[in-house]
Amino acid sequence: MEEIFVTERIDASNNEVSDNIQLMNQLRIVALKCLPELISFCSKVKTPSSLLDNPPLFFNDMLQRLEVYGCATFEELIVKEESRSDGEGRNIKFPQLSYLMKECLDNLKRLNAGNYIEFPSLKQMVIGECPEMKAFIFNEELAFPSLEVMSFYRMNNLKMIWHNKLAKDSFMNLKSLSVGKFQQLMTVYPSYMCERLWRLEGLFVDECDSLEEIFDFQGINITEEAHSTMSTPLRTLKLSYLPKLKHEWNLDPKGLFSSQNLCKVEVSYCRAMKNLFPASFSRNDLLQLEQLSVSNSGVEKIFAAKEGAEAETTFVFPRMTHLSPRHT
């Protein structure tokens, strides 16, 4: 099976015939699984032997859940409208979609190709095992204003998750981010994404062979902006099997970034990491910390040493119930 529906076909006289499909305007769940020859959900046939993906999206108004799994030849869900004279794609909205999952898609190269697509109700997204995805997962053509939970894994050719131009308000409500099994990913949060961390509560990163830092502050003038502290609701941080990770921040945030809500920190198999937290963290930054676990890692100090001859700061952890430092 190469497509589920065909909206244009060739009749016996070699003429195009349009099929106006309106059977699925109440469809709420779409699950495409283990269809190794599927090219598209809906296609438009130009010749008897070739396909041009051009879905009418007759199902998008009521759709609440979309799953695509194990479709080896599936390349794109929505392809740019090629017949428009201005060369621009369409503006598409999935008003009710709350869950999106794309997994084990060997030929998936991108989420979108020239259309502006808005997911105003999307709460959870899972994308994994898409080896051909090499460009940014997200750009300014994709809008996720309500997204709360994201999970990405096994994208071995992807170096950056986010483009430096994103749709307005996208990811501003993100609460949980899981990233795992990336071979070339260098950083999780580049500097231009830091302003979208206001609601992040959980960050989970594991098995990223090339990852050197979690937060990249390289593009921020920390000295001038230190008076404006960004406090995040981050409560849980788990880092594991990151052999090249040296630090969470590539530059000391120096008051620009605060983790006063952090409750649980787990670090394991991060051999290159020497310090957990930057020197600029004050004694008030970790008052909520309850659990701290470090194992099979290169961590030598909880806090990096301060420059100069300043007196050492005494840190108090009034809520600490579990402390497990272990090195093997």
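The values are calculated or read from the model by the stated rules, or taken from the named source; none is laboratory data. From a predicted model like this one, the values you see are computed outputs, not experimental measurements. Note that each Cβ is placed from the backbone with ideal geometry, even for glycine, and that neighbours are counted across all protein chains shown.
Conditions tested, residue by residue: (1) within 20 Å of Arg199 (Cα to Cα); (2) within 12 Å of the chain's Cα centre (by Cα).
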{"site": "Ser151", "(1), (2)": "yes, yes"}
{"site": "Asn156", "(1), (2)": "no, no"}
{"site": "Met160", "(1), (2)": "no, yes"}
{"site": "Lys168", "(1), (2)": "yes, no"}
{"site": "Asn173", "(1), (2)": "yes, no"}
{"site": "Ser176", "(1), (2)": "yes, yes"}
{"site": "Lys181", "(1), (2)": "no, no"}
{"site": "Met186", "(1), (2)": "no, no"}
Among Leu203, Leu239, which is the only one that is within 13 Å of the chain's Cα centre (by Cα), buried (at least 16 other Cβ atoms within 10 Å of the Cβ), within 23 Å of Ser297 (Cβ to Cβ) and modelled with pLDDT of 85 or more? Leu203
For region 180-202, what are the residues that are among the hydrophobic types (A, V, I, L, M, F, W, C) and under 13 Å from Leu245 (Cβ atoms)? Phe182, Leu185, Met186, Val188
Of all residues being farther than 17 Å from Leu197 by Cα and of a type in the set (S, T, N, Q) in region 211-236, which is modelled with the highest pLDDT? Just the residue, please. Asn221
